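What follows is calculated from the coordinates using simple rules that are stated; it is not laboratory data. This one's a predicted model, so the numbers in the text were calculated from it and none came from an experiment. As a convention, Cβ positions derive from the backbone with ideal geometry for all residues, glycine included, and neighbour counts pool all protein chains shown.
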Amino acid sequence: MKQSSRVSIRYLLAIAGLGGLLYGVDFGVIAAASPYIKALRLFTDAELSWIVGAVLFGGIVSSLTAGMLAERFGRKRMIIASAGLFLVAIPVVCLSGHSLAAMLVGRVLQGMSAGYMSVVMPMYLTETLPAEMRGRGTGVFQFCLGLGLVAAAATGYLVARLYGAADAPADVVSAAAKSAAWKVNFWWTLAPVIALLLGALRLPESPVWMQSVKLKVESVKLRVADSKSENAASGNQTIKQSNNQTLLRRRYVVPFLLAVAVLTLNKTTGMSSVTSYSVMIFQKAGFAGALGNVGDFAIKLTNLVVTFVAAALIDRVGRTRLLKIGTAGMTVGLAAIGGVLLAIERFGLEPSATTGLVCLAAFFVMQVFYALGPGICVWLVLSELMPTRIRANGMAIALFMNQFVAWGLASSFLPWVNAWGWASMFFFFAANGILYFIVSLFIPETKGKSLEELERLFERKKP
């Protein structure tokens, strides 16, 4: 590999890392901020759930348009637009005051930013990096996503130490301090987003997208030429045949349905909700005060470390093997968390540091296996399974399902636990983990295969 190519690939990986960092910060910041918002009683529990879920609703909005916009304007411009949306969102959130509408608008903009990034960045890496580097590229994206979650959790802990814990009495930590605390958790996130925005300006455009634009131009020219020639009928028939590549064809529908199933189950196992409410969950389990932030930081640091290991393994071990191992272990962890919370809620077990540690251990199991399998494999499954012709729109539809389910769970989380308890939520997640494992058994291995080879995997074999 030439030195210039190495430098170019390293730059692409660096920007992929910043994109992952943006996505991680986007989802991680609310876990540290929401306990303060709840303590200040600025909003009801239902409204706070809407605020948490608004970022996922923004993901729904962006997923409806991500494919179309990525095809119309290109991958590079959409990466820039994603960073720009986040840059606008944070001031709107922090300056919202007690306005629910303003807070929701800012959080929706955050979600749109994350939604565009989660579609366009994996797509861009798949189309730009060599086949043997795709796993590493996605690994960097996922690793830095974990780094963003860790950074948000670490900042949350530092803020709790500096301003006081969210659950501290009003005579110990004032309302003004709590108000400043949740805003600081948002304001700092502007720094990495500005770095991404500046770095993305120097990115090359995806060669696959450039080629598709060229083909469209040539197709238009061919139609014009054919209309003036004696071969117009045969030329138009050729064009019609080339455009008759619908989603109903087996080579498209099978990978599309597999990708939708994986993206949907990746959220029905509850990882977005767990990430958003982790501090509250640890406080429920027995970690009072800033210890809840410590637990949040610990599991997110674990996610980061294991993602690093998974990134090194994914191009050696393969996607499907890691996905099977990960979904199985994650399901065990989710069921164990549910068991601890059930003992506290239904059988009178007193929350304490001991129960908090047991819950933390179960969280570790869940997080380790999630990061080892679904956390890193989901983006590769999404981008590699989709054939080139439907990749942009297919990824957008799959992400729509992903974000819609995540929004529904996050927006109803607190009302659900108020009605049915925390344990019921985790048993529901564990049940979906079992379904996730079953689906993983049907996913073909994509390790080391070119995009053309991957498309042929789903061609119906001729006798």
Query raised in the report: Using the Karplus equation 6.51 cos²θ - 1.76 cosθ + 1.60 (θ = phi - 60°), what ³J(HN,Hα) coupling, rounded to whole Hz, does each residue of the range 315-323 give in order, writing x for Gly and Pro?
Result: 8, 9, 7, x, 6, 5, 5, 5, 5
Requested in this report: Would you mind calculating the gained length between Leu357 and Glu205 on full extension (0.36 nm times residue separation, minus the Cα-Cα distance), in nm to one decimal?
Outcome: 49.9 nm
Report summary line: If the label point sits 7 Å along Cα→Cβ of Val309, residues of the range 267-281 with amide N under 18 Å come out as none
Query - Computed log₁₀ I(q)/I(0) - Debye formula, equal Cα scatterers, no solvent, the range 69-174, q 0.11, 0.21 Å⁻¹ - result: -0.52, -1.17
Report task. Between the alpha-carbon centers of the range 265-302 and the range 42-71, tell me the distance in whole angstrom. Result -> 21
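How big is the Rg/Rh ratio for the range 286-416, C-alpha atoms only, Rh by Kirkwood, two decimals?
Numbers: Rg = 17.5 Å, Rh = 16.7 Å.
Rg/Rh: 1.05.
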Query raised in the report: Computed over the Cα atoms of the range 372-444, what is the ratio Rg over Rh, Rh following Kirkwood?
Result: 1.06
Query raised in the report: Over the Cα atoms of the range 258-344, what Rg and Dmax result, in angstrom?
Result: 14.9, 43
**Report entry** Distance histogram in 10 Å bins (all Cα pairs of the range 22-112, percent per bin)
**Finding:** 17, 49, 24, 9, 1
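Per DSSP helix of 4 or more residues, -39500 (n - 2.57); summed, then divided by the residues of the chain. What does that give at 222 nm, rounded to the nearest 500? Working shown, then result.
On the way: 18 runs with 378 residues, N = 463.
Roughly -28500 deg cm²/dmol at 222 nm, from the helical runs in the chain.
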Query raised in the report: Arg41 versus Leu95, label points 7 Å from Cα toward the beta carbon: distance in nm?
Result: 3.0
Query raised in the report: Expressed as cubic angstrom per residue, what is the convex hull volume of the alpha carbon set of the chain?
Result: 153
Report summary line: Given 140-150, 286-296, the highest-first ranking by average Cβ count within 10 Å works out to 140-150, 286-296
Requested in this report: List, in order, the whole-Hz ³J(HN,Hα) value for each residue of the range 70-86 obtained from phi through the Karplus relation with A = 6.51, B = -1.76, C = 1.60 and θ = phi - 60°; use x for Gly and Pro.
Outcome: 5, 6, 7, 10, x, 6, 4, 5, 6, 5, 5, 4, 4, 5, x, 4, 5
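Using 0.36 nm times the number of residues separating Arg316 and Lys214, minus their current alpha carbon distance, what extension gain do you get?
Details: separation 102, 0.36 × 102 = 36.72 nm, distance 3.57 nm.
Extra length from Arg316 to Lys214 when fully extended: 33.2 nm.
Please report the relative contact order for the chain, taking Cα pairs under 8 Å with a sequence separation of at least 6, and give it as a percent rounded to a whole number. Show your work: numbers first, answer last.
Working: 764 pairs, mean separation 120.4, N = 463.
Relative contact order of the chain: 26 percent.
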Query raised in the report: Can you run phi through the Karplus equation (6.51, -1.76, 1.60; θ = phi - 60°) for the range 47-56 and list ³J(HN,Hα) in whole Hz, with x for Gly and Pro?
Result: 5, 5, 5, 5, 5, 5, x, 4, 5, 6
